[in-house]
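Step one of this worksheet: look at the structure below.
Each reported figure results from applying straightforward, stated rules to the coordinates on display, with no laboratory input. Being a predicted model, the structure only gives us computed values, none of them experimental. Using ideal geometry, Cβ is built from the backbone for each residue, glycine included, and neighbour counts are taken over all protein chains shown.
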Amino acid sequence: MTATSTAASAHEHDDEPIWFPAKETLDELKKDFVSGQALSDLPPELPVSQIIEHPELFQPRELDERHIHELRRAIRVDGVLDAVTVIQVGGKAILIDGHHRRASYKLANVTKPVPVQYFQGSLEEAVLEAGKANSKTKLPMITSERQNYAWRLVLLGTYSKKQVRDASGISDGQVAIMRRAINALGEEAYNFDDWRRARDAFNKREREPLDDEQMEQWLESQANDYADRMSREFGKKLPQNTTIAARALDIYFGRRLPELVIALQEYLPEIEDDDEADF
């Protein structure tokens, strides 16, 4: 079955609802959302219990337990953290940015109200704001987290390529590949909550060969994925121990090590000749 026929078969079932948690949450919140609501009468502080989470929509990544414990220590010293960002939906304050802070307040058993700031905009804009805010924090998203967040936005089907790119930090080419994956996978695409699994399923389907630009985007995506895995496994150990890293690569690549050395030449900076540099 080709990608075109797969997409066509998916469209035959457009009348049937597709279960996708983020979309379901967004649709439910829209029922109670009032645009242009005056924020001046809303309290600048709220009890943690009244700050409602919907991580399937507004949290682009998994919570980092170490970061939560670091924030708890900061609470013990300073009492409170920077204001979390919420959006008012009916009578509820829905958390947009500050999931680690909220978790640390709960861990520290904070009972007094904590600072909040209110997002002025639509719910669709709030989803984008969640990604942008996470990209700016002291614990920025790694590549796989940005890709997963972009995949969620593409699945929602509401945002332009530019909006997805700006909110997630991935390239236009990667967004285009995600859109082609949805067309190829049809309803099956909504079974994958992370881009890596969706991409693997997409790669197994029949599809048109990638042109040079698309192939470059795919290679970049794969390389970032591998780099993220190495970073999670080794941290800064490999860059700080190049001799050990070289030995590890020798063992890992074996007889194909010369191919790696040749490939690496493309990424090495040019070194000026010492004699020429003196003039």
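Values as computed for the structure displayed
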| item | result |
| --- | --- |
| Burial ordering of Phe202, Phe234, Phe192, fewest other beta-carbon atoms within 10 Å first | Phe234, Phe192, Phe202 |
| Links that overshoot a 21 Å alpha carbon limit, given the list Lys23/Lys204; Lys92/Lys112; Lys31/Lys161 | Lys23/Lys204; Lys31/Lys161 |
| When the stretch 160-233 is reduced to its Cα atoms, the Kirkwood hydrodynamic radius in Å | 13.2 |
| Footprinting exposure proxy for Arg72, Arg66, Arg102, Arg179 (fewest neighbouring C-beta atoms within 10 Å first) | Arg66, Arg179, Arg72, Arg102 |
| The stretch 66-78 - phi-based ³J(HN,Hα) in whole Hz, Karplus 6.51/-1.76/1.60, Gly and Pro as x | 5, 5, 4, 5, 5, 5, 4, 4, 5, 5, 5, 8, 9 |
| Val114 long-range amide H proximity, modeled H, under 5 Å | Leu46, Val48 |
| Computed Kirkwood radius, in angstrom, where 1/r is averaged over Cα pairs of the stretch 132-265 | 16.7 |
| The stretch 20-132, relative contact order in percent, only Cα pairs under 8 angstrom and at least six apart counted | 36 |
| Burial ordering of Lys23, Lys30, fewest other beta-carbon atoms within 10 Å first | Lys30, Lys23 |
| Gap separating the Cα centres of the stretch 62-76 and the stretch 105-166, nearest whole Å | 18 |
